[in-house]
Structures are given as structure tokens and as C-alpha cells.
1. Would you check if there is a residue in segment 133-147 being within 26 Å of P245 (Cα to Cα) and in contact with a His (Cβ under 7 Å, 6 or more places away or on another chain)?
2. Please verify whether V45 is of a type in the set (V, I, T), more than 18 Å from A155 (Cα to Cα), within 16 Å of the ligand (Cβ to nearest atom) and modelled with pLDDT under 80, treating the condition exactly as stated.
3. Report those helices (runs of 4 or more DSSP H) wholly inside segment 100-188 carrying at least 2 residues which are of a type in the set (V, I, T) and surrounded by fewer than 23 Cβ atoms within 10 Å (Cβ to Cβ).
4. If you scan segment 134-146, which residues turn out to be in contact (Cβ under 8 Å) with a residue 24 or more places away in the chain and within 15 Å of the ligand (Cβ to nearest atom)?
5. Can you pull out every residue in segment 198-230 that is modelled with pLDDT of 95 or more and within 13 Å of the ligand (Cβ to nearest atom)?
6. Of the residues that make up segment 228-246, is at least one buried (at least 18 other Cβ atoms within 10 Å of the Cβ), part of a loop (DSSP other than H, G, I, E, B) and hydroxyl-bearing (S, T, Y)?
7. Which members of segment 198-210 meet the condition of being in contact (Cβ under 8 Å) with a residue 60 or more places away in the chain and of a type outside the set (G, A, S)?
8. Among the candidates S204, S212, single out the residue that is of a type outside the set (A, V, I, L, M, F, W, C), surrounded by fewer than 19 Cβ atoms within 10 Å (Cβ to Cβ) and within 14 Å of A156 (Cα to Cα).
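The values are calculated or read from the model by the stated rules, or taken from the named source; none is laboratory data. Owing to the predicted nature of the structure, the values given are computational and were not obtained by experimental measurement. Positions of Cβ are generated from backbone atoms using ideal geometry, with glycine treated the same way; all protein chains shown enter the neighbour counts.
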Amino acid sequence: MRLRGVRKSRNVEDRRKMSGGKGAGLGGVGLLVVLAVGYFAGIDVTPLLEGQGGIGQQSTASRELTEAEQREGEFAAGVLSTTEQVWGQVFPQIADKAYQPPVMVLYSGVTSSPCGNASGATGPFYCPGDEKFYLDTAFFTTMRQKLGAGGDFAAAYVIAHEVAHHVQNELGILPKVNQRRQAVGQTEANALTVRLELQADCLSGVWARAVSSTLERGDLQEALNAAKQIGDDTLQRNAGRVPQPHTFTHGTSEQRQRWFSVGYKSGDANSCDTFSAARL
Ligand SMILES: [Zn+2]
């Protein structure tokens, strides 16, 4: 993705120098906290990424960012800026109001949010409580090294996906789905989450189409590959399990790729109505 000349978003809260100072004493409540975040939906690829560290590697002292971290932060701020341009234009057409962009919180290791504490193992997630999304930039390395989802546009897709959850929140879809999830059984709640997640993938495709002039050779493939590698069936299989469809919360690899493509090919957010789709 060519981001030269793209301004950096100012909606960035960079907590990485704090090294997760608030995280002291996380320990045993970590799992509980992760569940609390998951409860809100919009948490991505968490449960199968165990042992990513984070907790226990923390110091409370302030530190300097590495060059790689600085680059990752600048890249993320550039991508975020493109989402602000795209949704700033598209959102008023579908919602009849102006787009209020989310804040991107960059953290390293652990941090806290109104949706619970986050650790590196949490994976990126959006918290409707403060309308921020949380990203440990080390996740990009995890994607490359552990998930087989390398490439700058794979990372950009992850950011666009989290922003898409914010778009869903602004549209009133996310609160409605979260409310409904509480009223139904686990299997049905999971099925609703899948529709929410596939819609976020489709909206990411709409964004990708809108920034297609910045794409370099192989970029689109990087996003599609990432969508494939973080499909529930693939994650479960790679964790040595037999895929259990009733536990899926994000959709299969095939579904995630296809809904991203639906958004990309149409360039139209109205094509992303996964909730009315007869077939996902
Ligand atoms: Zn998601």
C-alpha cells in the first residue's frame, strides 16, 4: 500500500511507551477479562492465539519505541487516515449523518479499556464503550510469523476491519446485535456474531476498493490471504482441533474472503447486508 503523501491520522492514542504500566496484577483475572471483551463481540482471533506473551513481560518504566514500532505506528496512523477519508465520504450516504471517526489505541503488552483489560494475546478489538479500537502493533508480527498472514495490506485490512466495527456501532447495528446476543442461547449468539464479523469484512472490502489507487501488486492477495488465515475453521484446524461450526464467531475462511470480495467488487456498503443474506 502506498501511503507516501497520505497524512497521518490524529486520532491515535499511543500508549506503547507506557509499557502497560496499569497492567500490574493482571495475572489470574486475564482470562476473565478476555471473556468480558469477547462478550461485546468485535474481538478478533483471540481464543486460539495462546501464549503470545504480553503479560509478564511488562515493566512500568517508560521506554523508547524501536524503529520497527515507530514504522508500524506511522503505518497504522496512515491507514487510519485513509479510513477517515473513505468513511467521511461514504457514511453520510448510508446514515444521513456525519462520520465521527474512532480513536486507535496503540499499546504494547497490556492496557485497559472499558471493555476490560487487553493483553497481547487478546488480539485487536473494538470497544463500543469508548469508541476506540485497541491494537498491539506486535500483532502484525504474530500475523506474519504465526498466522501466515504477512504483508502490509494484510495489516491494513485488520485496521480497516476494526474501523468497520466502529462504523457498525455508529450505524446502530453493533448495539442491536449485542442486545440480541444477550437474549438468545450461545449457538444463536455465535451465529449473530458471525454475521456481524462478515459484515465488517465486507465493509473492509468497500474501504479497500475506495483506496484501490494506493494498492501495489500483491496487496489485494495479502488481504484475501489474511481473511483466509483468520477464518474460524482454519484457526481451529491449525490449533489441532476439528472445526466446530456452532462455535464459530467470525465465519469460515471461505466466507471471510467472499464477503471481503463482495465489498471490494461492489464498492457499495449497501451490498454488505449479511443480516438479510439467505446464505452466508
Ligand atoms: Zn471483528
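1. Looking for residues that are within 26 Å of P245 (Cα to Cα) and in contact with a His (Cβ under 7 Å, 6 or more places away or on another chain), one finds none in segment 133-147, hence no.
2. The answer is no for V45.
3. Numbers: elements: 138-145, 152-170, 173-183.
Correct list: 138-145, 173-183.
4. Within segment 134-146, Y134, L135, M143 meet the criteria.
5. L198, Q199, A200, D201, C202, L203, S204, A226, A227
6. No.
7. Within segment 198-210, L198, Q199, D201, C202, L203, V206, W207 qualify.
8. S212
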